[in-house]
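Novice: Got a structure for you, questions after.
The values are calculated or read from the model by the stated rules, or taken from the named source; none is laboratory data. Treat the numbers as computed from the prediction; the structure is a model and nothing was measured. Positions of Cβ are generated from backbone atoms using ideal geometry, with glycine treated the same way; all protein chains shown enter the neighbour counts. These area figures cover heavy atoms from the full protein model, side chains too; ligands, DNA and RNA do not enter into them. Shrake-Rupley method; radii C 1.70, N 1.55, O 1.52, S 1.80 Å.
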Amino acid sequence: MKRIWNPLVLPLLVIACCQSMLARAADDADERIQAAIRTAQNRQDTDSADAVNFLADQVVTAAADPAKRADMERLMIQGLAGAQTRAGRDFFCRQLVMIGSEAAVPELAKLLTVPESSQIARYALARIPGAAADAALLEALGAADERHKIGIVNSLGTRNCRAAVEPIIALVASGNADLAAASLAALGRIDSDKAVAAVATARGTVPDKLKPAATDAYLDCAARMVKQGKLEPAVAIYRQLFAPDEAPFCRVAALNGMIAAQRDQAVSLVIAALGDKDAQVRRVAVPSLRNVPGKQATQAIVAELARQDDDVRAQLLGVLADRGDAAALPAVVQAADATPLAVRVAALNALAALGNASVVPLLAQRAAEAEESGEQQAARNSLRLMATEGVNAAIAKQLAAEKAAVRGEAAKALAARGAADQAAALLAAAEDREPAVAVEVFKAIRVLATSQHVPALVALLTNTPDSGVRGEAENAVVAAAATTTADKNPAQSVLAALPSAELPEVRASLLRVLGRIAHASALPVLYQSVGDADAAVKDASIRALAEWPTGEPAAVLERIAADDSATQVHRVLALRGYVSMIPKQPEATDDQILSNYAKAMQLAVRNEEKQLVLSRLGLVRHRRALEMTRQQAGDPALKQAAESAAQSIEKLLAAPARVTASHNPNNAGNAIDKDPNTRWDTGGAQQGGEWFRIELDEDCLIKGLVLDTRGSGGDYPRGYEIYVSPSSLGDGQLVLKGQGDEAVTKIAFPQPIRGRSIKIVQTGRAEGLFWSIHELTVDAQPVGQ
């Protein structure tokens, strides 16, 4: 018989199979939940939390799913009903806090009179809306002891349970002060005329120690009325509480309440309070004026300035500043000339918010002449902070003021404001006849100038006769040159000025600037100036070369250090510079570096320089370096430094490959620990300039490297530069550029490169993403293998 295959059979079989699998999965999940419930019902505090954590996660999931919420609540209610321990009951109550409804009330109510579970049960009940929970709490109130009554009363008050007013009123007369205070607080929270009346009565009948609690409750009643828009009865309460015979705290709160309830009368209320006999009321009245709207309020505050004492006047000036109403400016300016220091300081501070260009002369004068530091600082702050249009230009005009101190303060203010639009005015003022003023002007220019101002600054420097001013001019030129773009020479204007600089002190100044700018184009001039006949020029050039950031001047410095005709100061400077540049030679191997250190040790005359060489040797991971330090240990003057360097080298030799980084260097080892679950990272978003450096165990032919960030997939380098150095110390030369585009960045060199260390510089930007390395692998083969 021929069998006929129905094409619908297979899909139906698949569906049936899937349904069966899903049913089994659901059964397994249900069984795990039931097992966890059984465990939780018998839980002790010291038990493992695995089961209850699993169950709590299920409750959180069900709470967000209306289809599952009721079933999960039912399971938690059943769990609570069968709980055998205090810890078990606590757990199920906490879950019902999240998903409990009126269905949970009966089981929770049973625990309200159980001492060890009453609090957590009440906590859960209090969050279930509806009359059933109210009834359960009210029923428990009659049966509970006084300690638990306090908690139940608090819950009933929080729930605004009007049915509880009568029972709670009865508890106000309780002999238990804590219970009576809790009852008063609860009545203050319940929206009921009977509760309000009971609180009002209690203020006159309760013992003195409960009067503050009754007053707080009465204030709560009034505050609730204000929120509900029932302003008339609220104001009536506040007026009672503001009576002269009430406690200061009560009167202050009542005043704030009246202001909130009667915004249209706020100014008159506060001004009346400013005349109050109670100093605390007066102090609190002033700040409340900050938020009262309208120019009428400003006018009223200004009028009070003449009537109040000095402390209140100072506060009122602060209020005027916070309000920001420019209509108050004339009065504030007038107050700046008041006799009391506190008032003057407050007025000057207020000008930061209210002032404009018209008050700049006043502030500059006060900043320059005030004998009291508080007044001077207030004037300076306002000069710095005023934000109205024209202030920068007004301050710049003060650069031509008659008094030198005012001119100096104007320069300081422009710098503090970052007033780059006034750079031209500052350049014009840089030739001030008073050296102290010129110094302040150049300090401001240093903050504000850019590369476009370098030619003008160089001209000013060369024409400055005062050495102190010239020093600040040098700082300004260096700062401005630092903003030069990469495609231009920052030293060009300085180099152009040198041939025409006749005075030795000016040439020396320009050479110092060239040394600080540190552009390679300046090296020939500096080399030539080392032989200048003028001592100041020679000194400036040698110091510039000794502090050069890269290794190019090393040979010249070595010759100076070996020159017996050079002064000892210059030989020492040259030697120290030479020692610092030894590891910076881009093509130097470790052997060459160590030979240069040996040469430096021979050139050193003083023990200080020999100790410097030893400290640098201590950074070289090489056995020859260890031998060199041990050879010096026989000299008593060098013994300690030599032994310290030797110990450092021994640690380096015993350790695995040395890694360091620009960020989080203590975690750099995570990148080479062969554990992909650990990582090194920058700890901040990729900005460009971050680097990671690894020193290889020996001289190798390097073929490439792999940066693996799969544990933090988005943290690959957006751009990179690879540097290889033939030594373990130097950064070496750039050999490759590129950019990453996935979690594993594979970098292959076009041909093997010999080296001892590799530096990876991250050059890209990635908002919100670190640069991370979970594992760094270097493809390298030791030389000779």
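Novice: Between region 241-276 and region 164-210, how far is it from one alpha carbon centroid to the other, in angstrom?
Specialist: 25 Å
Novice: Using r as the Cβ-Cβ distance of Asp635 and Asp741, and R0 as 41 Å, what FRET efficiency do you calculate, to the nearest 0.05?
Specialist: Between Asp635 and Asp741 the formula returns 0.10.
Novice: In addition: What nm distance separates the two modelled labels at Ala70 and Ser644, each placed 7 Å from Cα along Cα→Cβ?
Specialist: Between Ala70 and Ser644, the simple spin-label model gives 7.9 nm.
Novice: Still on this structure: Note the angle between two axes, namely the Cα long axis of helix 310-323 and the longest principal axis of the Cα atoms of the chain, as a number of degrees from 0 to 90, rounded to the nearest 10.
Specialist: Helix 310-323 sits at roughly 80 degrees to that axis.
Novice: Efficiency by 1/(1 + (r/R0)^6): what FRET value for Ser662 and Lys295, r their Cβ-Cβ distance, R0 = 56 Å, to the nearest 0.05? If you can, show how the numbers build up before the last one.
Specialist: Values: r = 57 Å, r/R0 = 1.01.
Plugging the Cβ-Cβ distance into 1/(1 + (r/R0)^6) gives 0.50.
Novice: Points 7 angstrom from Cα along the Cβ direction at Ala63 and Arg94: gap in nanometres?
Specialist: Distance between label points: 1.2 nm.
Novice: What is the percent carbon and sulfur in the accessible area of region 157-215, measuring with a 1.4 Å probe over the protein chains and ignoring ligands?
Specialist: On region 157-215, the fraction of accessible area on carbon and sulfur atoms equals 55 percent.
Novice: Would you kindly state how much longer the chain becomes between Thr339 and Asp45 on full extension, computed as 0.36 nm times their sequence separation minus their alpha carbon distance, in nm to one decimal?
Specialist: Length gained, Thr339 through Asp45: 98.9 nm.
Novice: Label 7 Å along Cα→Cβ of Thr158; region 115-130 residues with amide nitrogen under 16 Å?
Specialist: Of the residues in region 115-130, 118-130 have backbone N under 16 Å from the label point off Thr158.
Novice: In nm, what is the difference between 0.36 nm times the number of residues separating Asp30 and Phe249 and their Cα-Cα distance?
Specialist: Answer, rounded to one decimal: 73.0 nm.
Novice: Summing Lys, Arg as +1 and Asp, Glu as -1, what charge do residues with Cβ under 11 Å from the Cβ of Gly738 carry, Gly738 excluded?
Specialist: Residues close to Gly738 contribute a combined charge of +1.
Novice: Taking a point 7 angstrom from the Cα of Gln377 along the C-beta vector, which residues in region 409-431 have backbone N less than 16 Å away?
Specialist: In region 409-431, the label zone of Gln377 (backbone N under 16 Å from the point 7 Å along Cα→Cβ) covers no residue.
Novice: Okay, moving on. What does the net charge come to around Asn670 if you take all other residues with beta carbon closer than 11 Å to its beta carbon, with K and R at +1 and D and E at -1?
Specialist: Within the 11 Å Cβ shell, the charges total -2.
Novice: Further question on the same structure: Percent relative contact order of region 123-256, based on C-alpha pairs within less than 8 angstrom and at least six residues apart?
Specialist: 16 percent
Novice: A follow-up question, please. Taking the Cβ of Asn607 as the center, what net charge do the other residues with Cβ under 14 Å away carry, scoring Lys and Arg +1 and Asp and Glu -1?
Specialist: So the environment of Asn607 carries a net charge of +1.
Novice: Can you give the Rg/Rh ratio of the chain, where Rg is from the C-alpha atoms and Rh is the Kirkwood radius?
Specialist: Using Cα coordinates only, the ratio equals 1.13.
Novice: Going through the cross-link list Lys443/Lys584; Lys599/Lys759; Lys674/Lys746, which pairs have a Cα-Cα distance over 23 Å in this structure?
Specialist: Details: Lys443/Lys584 33 Å; Lys599/Lys759 28 Å; Lys674/Lys746 17 Å.
Flagged as over cut-off: Lys443/Lys584; Lys599/Lys759.
Novice: Here's a follow-up. Distance from the Cα centre of region 424-454 to that of region 636-707, in angstrom?
Specialist: For region 424-454 versus region 636-707, the Cα centre distance is 45 Å.
Novice: Using the alpha-carbon atoms, what tilt in degrees (0 to 90, nearest 10) does helix 467-481 show relative to the longest principal axis of the chain?
Specialist: Tilt of helix 467-481: around 70 degrees.
Novice: How high is the relative contact order of region 609-682, in percent, with contacts defined as C-alpha pairs under 8 Å that are six or more residues apart?
Specialist: 25 percent
Novice: Further question: What angle, in degrees between 0 and 90 and rounded to the nearest 10, separates the Cα long axis of helix 639-654 from the longest principal axis of the Cα atoms of the chain?
Specialist: 70 degrees
Novice: Something else now. Any chance you could look up the accessible area of Thr113 with a 1.4 Å probe, heavy atoms only, rounded to 10 Å²?
Specialist: Using a 1.4 Å probe on the heavy atoms, I get roughly 80 Å².
Novice: Once the whole set of protein chains is in place, how much accessible area is left on Tyr123, using a 1.4 Å probe, in Å² to the nearest 10?
Specialist: Per-residue accessible area (Tyr123): approximately 100 Å².
Novice: Rounded to the nearest 0.05, what FRET efficiency is calculated for Glu627 and Ala555 with R0 set to 35 Å and r the Cβ-Cβ distance?
Specialist: Efficiency for this residue pair is about 0.85.
Novice: OK, next. In region 675-772, what GluC sites (Glu not before Pro) fall in a loop by DSSP, with at most 11 other Cβ atoms inside 10 Å?
Specialist: Glu742, Glu767
Novice: For the chain, calculate the relative contact order in percent as a whole number, restricting contacts to Cα pairs under 8 Å that are 6 or more residues apart. Show your work: numbers first, answer last.
Specialist: Numbers: 1286 pairs, mean separation 34.1, N = 785.
For the chain, the relative contact order is 4 percent.
Novice: Please calculate how many Å² of accessible area the chain carries per residue, with a 1.4 Å probe and no DNA, RNA or ligand atoms counted.
Specialist: I get 48 Å² per residue for this part.
Novice: If you don't mind, another one. What spacing in nm lies between the two simple spin-label points modelled at Ala496 and Asp591, each 7 Å away from Cα in the Cβ direction?
Specialist: It works out to 4.9 nm between the two label points.
Novice: Separate question: Within region 55-98, what residues put their amide N at less than 19 Å from the label point 7 Å along the Cα-to-Cβ vector of Arg38?
Specialist: Only 55-56, 75-85, 88-89, 92 pass the distance filter.
Novice: Decide, for region 295-391, between rounded, prolate and oblate: order the square roots of the alpha carbon gyration tensor eigenvalues as a ≥ b ≥ c, take rounded if a/c falls under 1.5, and otherwise choose prolate if a/b is larger than b/c, else oblate.
Specialist: Oblate shape, in that a/c is at least 1.5 and b/c is the bigger or equal ratio.
Novice: Please list Asp45, Asp193 from largest to smallest accessible area, probe radius 1.4 Å, with all protein chains kept in place.
Specialist: In descending accessible area the options line up as Asp193, Asp45.
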